[in-house]
Amino acid sequence: MGWLYQNVGKPALFRLDAEHAHELGVKSLALLGRVRPLCAALEKFSQLEGSAHRPIECFGLKFPNAVGLAAGFDKHGHAWPAAAALGFGHAEIGTVTLHAQPGNPRPRVFRYPAEEAVINRMGFNNRGAAALAAHLATLPGPGRRRIPLGINLGKSKVTPLDRATEDYLGSFRLLADHADYLVVNVSSPNTPGLRELQDAAWLNPLLAALVAENQARVVAGKSRRPLLLKIAPDLSFPQIDAALGVIAGLGLDGIVATNTTLARAGRLASANEAGGLSGRPLRRRSTEIINYIARATGGKLPIVGVGGIYDEASAGEKLDAGAKLIQLYTGMIYRGPFFARDLARALADRQRCCR
């Protein structure tokens, strides 16, 4: 499978505009997800079984393996039903905003093959929380899925910062019934001003309101949903400490580290495209932040590690640094659709060898 992608699939896709290739991939997976017999057969081929199958328990959920599909790939929630067939142990859809929005003008996705990197400035293009909720209502819900489904929530571009809380609350109320867990994304570099919400003065009231809304679900006889925060790799350690203080004070369930970066190091220093950088160049900084969070919290806060995962070593170091789960997206662009399956198997073998 890997040879076929590297020698046939990847050259063909890389001849297309990056976003066009992305859309083709999403449509292909959406079609696969609707062909249930084929999807089920591929799940048997891709998912761990027997002694290799050791589910991971994290923030009250069970994951068949540690490898997840990061937010950003499946913005509209159409491709995730096929994620398990590719070997993923969970999928995160979105980012979704309360209001539908087209995102930034095209072109807005740029590949850098020599660095196995991507720069994107998509701008949270999506059809809005109500449309996603209506779509998810037609599909199996929490507890009836092959793998857990996360929903990544962002702020609508038209909403000013001082109205951000009600914007996130609107999306939460529409989507919580359909999510196994939810992620509060305040770290994308592609929505003006969004990263200001990582400052404790903004972050504390925002997360406090979402935590209260989550508890209100319990009072109403519904299930509380695990709630996580996604942070940027460009935060300083004192800024991370402040965010961790908010998380600890409010009792959030975990953290996703990290989003894309604005930094341009090495050969990418001359890249003149605005947006968030993902892929191999993010590896070291993401792992550094994961390690810092794990040490700062005594390993008690579940961490989902994201950024620069392109082989077993880069995935394993995230787990060694303290991540409980990992996610990837750019790595799949360069390694192929079954990269998650290969990685999950390699990590399972690695885990058995280390026992």
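Throughout, read-outs are computed from the coordinates displayed, never taken from laboratory work. Just so we're clear, the structure is a prediction, and the values are computed from it rather than from any experiment.
In table form, for the structure just shown:
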quantity: Calculated [θ] (222 nm, deg cm²/dmol) that DSSP helices of n ≥ 4 give over the chain, each run adding -39,500 (n - 2.57); calculated: -11500 deg cm²/dmol
quantity: Gaussian network model of the chain, springs between alpha carbon atoms under 10 Å - residue of GLY308, GLY103, GLY279 with greatest fluctuation; calculated: GLY103
quantity: Fraction of beta bridges assigned by DSSP in the stretch 1-152 that are antiparallel (%, nearest 5); calculated: 55
quantity: Karplus (6.51, -1.76, 1.60) ³J(HN,Hα), θ = phi - 60°, over the stretch 221-235, in Hz, Gly and Pro reported as x; calculated: x, 9, 7, 6, 9, x, 10, 10, 10, 10, 10, 8, x, 8, 5
quantity: Vicinal HN-Hα couplings computed from phi for the stretch 180-195 (Karplus, 6.51 cos²θ - 1.76 cosθ + 1.60; Hz; Gly/Pro x); calculated: 7, 8, 10, 10, 8, 9, 10, 10, 5, x, 9, 10, x, x, 4, 5
quantity: Contact order relative to length of the stretch 60-185, as percent, for alpha carbon pairs under 8 angstrom and 6 or more apart; calculated: 28
quantity: Mean Cα-pair separation over length for the chain, i.e. relative contact order, pairs under 8 Å, 6 or more apart, %; calculated: 18
quantity: At q = 0.18, 0.22 Å⁻¹, base-10 log of I(q)/I(0) for the stretch 75-194 (Debye sum, equal scatterers on each alpha carbon); calculated: -0.96, -1.24
quantity: Relative frequency of Cα-Cα separations exceeding 37 Å in the stretch 2-354, percent; calculated: 10
quantity: 5 angstrom amide H check on ASN126, placed H, neighbours 5+ away; calculated: GLN101, GLY103
